[in-house]
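The values are calculated or read from the model by the stated rules, or taken from the named source; none is laboratory data. Since the structure is predicted, the reported quantities are computational estimates derived from the model, not experimental observations. All Cβ positions, even for glycine, are placed from backbone atoms using ideal geometry, and neighbour counts span all protein chains on display. Quick note on the areas: whole protein, heavy atoms, side chains included, nothing else; ligands and nucleic acids left out. Shrake-Rupley method; radii C 1.70, N 1.55, O 1.52, S 1.80 Å.
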Amino acid sequence: MKLIAVLLFGLGLNTYAYEWNQITESGVLNKTIIKKHKKADKDLSFSDLDIKEKKLSTEEVQKKFPSLSTPKTIVILGDTGCRIKEGKIKSEFQDCNDPNVWPFKKIVEEASKENPELIIHLGDFHYREKCSAGQPCEKYSPVIGYEWKPWELDFFQPMQSLLLKTPIIIVRGNHEDCSRAFLGYKTLLANYTWNKDCVEYEEPQIMTIGDIAIVNIDTSSITDMPVDNNEAIWVKRFNDVYEKISKLNVKHIWMVTHKPIYGIAPFKIALFPINIHLRNYFEKSLLKDKVSLILSGHIHSSMIVTPKKYAKQIVLGNSGTDLTSFPVKITKSTLDSMSYKNAYITTSGFGYAVLKKGDDQSWTIIFKDSNGKENYKEKIP
């Protein structure tokens with residue numbers, strides 16, 4: 001079955017279908033959505049969907065994706081949804097109808113031209129949250145909320161060309177946590193079947209692809225606030241992952257997680273390291289000495305941060321949602337205060353990233369804008 005988005009007329013029902021191949025620790029899962037309904041789009045619920053999942057055999061994976069075991073091009077996306085958010089102090093309404101304001105579909109089209117063997121989405125798929133009467137939300141998006149249609153518009157429709165030909169690793173973002181769009185994540189994208197309404201922490205996924213072990217860790221529930229009392233829990237989680245990957249015979253250990261460990265975030269006219277306690281958990285664990293690269297989203301920009309110790313951090317969160325602006329430049333004193341060797345933050349607006357493997361077997365990260373134009377690249381360990 002191919003990924004399609006067609007409108008059929010039969011028995012008075014509208015039928016749409018989507019298909020994608022999701023890489024998990026248990027293998028490659030072929031997932032399909034068939035939608036049959038007589039309802040208006042805004043009234044659709046997940047119960048109107050027929051969702052099926054099948055684990056592909058090793059032979060099926062090799063036949064469908066012969067280069068997956070030796071990838072040379074990996075596309076990175078993050079924070080892709082269209083932001084419709086009502087706030088007590090400030091509301092944010094991104095025009096989902098304007099491709100210059102929300103360019104995710106355009107970014108997907110450019111990324112598809114890279115012919116990647118693998119896609120990694122770093123989380124925050126859903127942004128069309130909620131809106132009270134009297135707010136202008138419907139001017140910017142035809143549907144809003146946590147049911148199927150906003151998910152379709154935010155992710156599945158614009159992702160068609162990539163999902164058609166390339167398997168994907170799914171990372172849970174904080175927009176998919178238990179206070180937001182967890183139902184859609186649980187129903188459509190979760191990496192394993194949940195045994196209750198919402199799990200705050202989805203068990204880690206360790207996937208071996210060629211000479212790389214990719215560790216997918218769910219940080220969606222970790223608060224960005226400076227106070228947190230979960231150190232022992234998180235250090236154990238990281239150590240449990242360390243015990244598993246220590247047994248693997250691979251060249252690289254990459255960690256993918258929504259919230260950065262070594263990101264930089266602006267606040268008014270200053271720059272701060274993001275999520276100090278997450279960094280603390282990581283550095284108190286044994287995992288810190290094994291991981292060579294960390295890939296995260298969450299900050300709506302793209303950056304590379306090189307700590308004085310431990311793994312290089314790539315942040316890619318500028319693939320569609322409203323961007324984060326950086327009013328001041330990074331200085332040496334700023335880097336020293338955060339124990340970073342150096343850092344680069346892009347100023348090119350929306351975009352995506354590509355990991356390319358060279359003939360010398362080394363990897364290079366390339367940041368590209370929404371038109372596919374390269375604006376920065378750097379070799380990684």
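For the structure I just gave you, tell me whether residue 140 is more than 18 Å from the chain's Cα centre (by Cα), within 23 Å of residue 317 (Cβ to Cβ) and either crowded, with 16+ Cβ neighbours inside 10 Å or among the basic types (Lys, Arg) (or both).
Criteria met by residue 140.
For segment 69-131, list the strands (runs of 3 or more DSSP E) that sit wholly inside it and hold at least 1 residues that are farther than 20 Å from residue 22 by Cα; which are they? Steps first, please.
Working: elements: 73-77, 118-121, 128-130.
Counting at least 1 such residues, we get 128-130.
Per-residue answers, yes or no, for (1) in a strand (DSSP E or B); (2) at pLDDT 95 or above; (3) more than 15 Å from residue 74 (Cβ to Cβ):
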position: 287; (1), (2), (3): no, yes, yes
position: 295; (1), (2), (3): yes, yes, no
position: 298; (1), (2), (3): no, yes, yes
position: 329; (1), (2), (3): no, no, yes
position: 359; (1), (2), (3): no, no, yes
position: 371; (1), (2), (3): no, yes, yes
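Scan segment 167-183 for residues that are buried (at least 24 other Cβ atoms within 10 Å of the Cβ) and either among the β-branched types (Val, Ile, Thr) or not in a loop (DSSP other than H, G, I, E, B) (or both) and jot them down.
If the condition is that a residue be buried (at least 24 other Cβ atoms within 10 Å of the Cβ) and either among the β-branched types (Val, Ile, Thr) or not in a loop (DSSP other than H, G, I, E, B) (or both), then 170, 171, 175, 176 are the ones that fit.
Can you give me the number of residues within segment 251-267 that are closer than 13 Å to residue 324 by Cβ and out of contact with any Leu (no Cβ under 9 Å at 6 or more places or on another chain)?
Qualifying residue count for the region: 3.
Assess whether residue 102 counts as being of a type in the set (Phe, Trp, Tyr), surrounded by 24 or more Cβ atoms within 10 Å (Cβ to Cβ) and in contact with a Cys (Cβ under 7 Å, 6 or more places away or on another chain).
Criteria met by residue 102.
Regarding segment 297-317, can at least one residue be identified that is within 22 Å of the chain's Cα centre (by Cα), open to solvent by 60 Å² or more (accessible area, probe 1.4 Å) and touching a residue at least 12 places away in the same chain (Cβ under 8 Å)? Give the derivation first.
Initial filter on segment 297-317 (within 22 Å of the chain's Cα centre (by Cα)): 297-306, 311-317.
Now narrow it down to the ones that are open to solvent by 60 Å² or more (accessible area, probe 1.4 Å): none.
Looking for residues that are within 22 Å of the chain's Cα centre (by Cα), open to solvent by 60 Å² or more (accessible area, probe 1.4 Å) and touching a residue at least 12 places away in the same chain (Cβ under 8 Å), one finds none in segment 297-317, hence no.
I'm trying to understand the selection: among the residues of segment 146-166, which are within 21 Å of residue 50 (Cβ to Cβ) and assigned to a loop (DSSP other than H, G, I, E, B)?
146, 147, 157, 159, 164
Scanning segment 208-245 for residues that are open to solvent by 50 Å² or more (accessible area, probe 1.4 Å) and of a type in the set (Gly, Ala, Ser), which turns out farthest from residue 291 (Cα to Cα)?
If we filter segment 208-245 for residues that are open to solvent by 50 Å² or more (accessible area, probe 1.4 Å), which is where we start, we get 208, 221, 224-227, 229-233, 236-237, 240, 242-244.
Imposing the further condition that a residue be of a type in the set (Gly, Ala, Ser) reduces the set to 221, 232.
Numbers: 221: 22, 232: 20 Å.
Going through the qualifying residues, I end up with 221.
Out of contact with any His (no Cβ under 7 Å at 6 or more places or on another chain), among the aliphatic types (A, V, I, L, M) and open to solvent by 50 Å² or more (accessible area, probe 1.4 Å): does that describe residue 286?
So residue 286 fits the description; yes.
Name the residues in segment 197-215 that are of a type in the set (Gly, Ala, Ser) and either under 15 Å from the mean Cα position of the chain (by Cα) or modelled with pLDDT of 95 or more (or both), would you?
Here is the first cut: in segment 197-215, the ones of a type in the set (Gly, Ala, Ser) are 210, 213.
Hit for segment 197-215 is 213, nothing else.
Quick one: how many residues across segment 343-352 are under 12 Å from residue 314 (Cα atoms) and assigned to a loop (DSSP other than H, G, I, E, B)?
Residues that pass the stated criteria total 1.
Report, by residue number, each residue of segment 246-271 that is open to solvent by 70 Å² or more (accessible area, probe 1.4 Å) and in contact (Cβ under 8 Å) with a residue 24 or more places away in the chain.
Across segment 246-271, the qualifying residues are 251, 268, 269.
Any idea which residue in segment 61-82 is nearest to the chain's Cα centre (by Cα), counting only those that are open to solvent by 30 Å² or more (accessible area, probe 1.4 Å) and touching a residue at least 12 places away in the same chain (Cβ under 8 Å)? Give the steps one after another, and end with the answer.
Start the filter on segment 61-82 by keeping residues that are open to solvent by 30 Å² or more (accessible area, probe 1.4 Å), which leaves 62-64, 66-67, 69-70, 72.
Those still in the list that are touching a residue at least 12 places away in the same chain (Cβ under 8 Å) too: 64, 67, 69-70, 72.
Numbers: 64: 23, 67: 22, 69: 21, 70: 22, 72: 20 Å.
Only one residue fits best here, namely 72.
Select from segment 13-50 the residues that are of a type outside the set (D, E, K, R) and either open to solvent by 60 Å² or more (accessible area, probe 1.4 Å) or assigned to a helix (DSSP H, G or I) (or both) and list them in ascending order.
Across segment 13-50, the qualifying residues are 26, 46, 47.
Is one or more of the residues making up segment 148-155 over 15 Å from residue 80 (Cα atoms) and either within 17 Å of the chain's Cα centre (by Cα) or surrounded by 19 or more Cβ atoms within 10 Å (Cβ to Cβ) (or both)?
Within segment 148-155 (the criterion being over 15 Å from residue 80 (Cα atoms) and either within 17 Å of the chain's Cα centre (by Cα) or surrounded by 19 or more Cβ atoms within 10 Å (Cβ to Cβ) (or both)), the answer is yes, since at least one residue qualifies.
All but one of (1) in contact with a helix residue (DSSP H, G or I) (Cβ under 9 Å, 6 or more places away or on another chain); (2) open to solvent by less than 10 Å² (accessible area, probe 1.4 Å) hold for residue 277, so report the exception by its number.
Of everything listed in (1) in contact with a helix residue (DSSP H, G or I) (Cβ under 9 Å, 6 or more places away or on another chain); (2) open to solvent by less than 10 Å² (accessible area, probe 1.4 Å), residue 277 misses just condition (2).
Could you please let me know if residue 174 is over 17 Å from the mean Cα position of the chain (by Cα), on the phi < 0 side of the Ramachandran plot and modelled with pLDDT of 95 or more?
Numbers: over 17 Å from the mean Cα position of the chain (by Cα): no; on the phi < 0 side of the Ramachandran plot: yes; modelled with pLDDT of 95 or more: yes.
For residue 174, the condition - over 17 Å from the mean Cα position of the chain (by Cα), on the phi < 0 side of the Ramachandran plot and modelled with pLDDT of 95 or more - is not met.
If you check every pair at least six apart or on different chains, which have Cβ atoms under 6 Å apart with a residue in segment 353-371 that is under 20 Å from residue 318 (Cβ atoms) first and a residue that is among the hydroxyl-bearing types (Ser, Thr, Tyr) and part of a loop (DSSP other than H, G, I, E, B) second?
Close Cβ pairs (under 6 Å, with a partner that is among the hydroxyl-bearing types (Ser, Thr, Tyr) and part of a loop (DSSP other than H, G, I, E, B)) amount to 367/346; 369/348.
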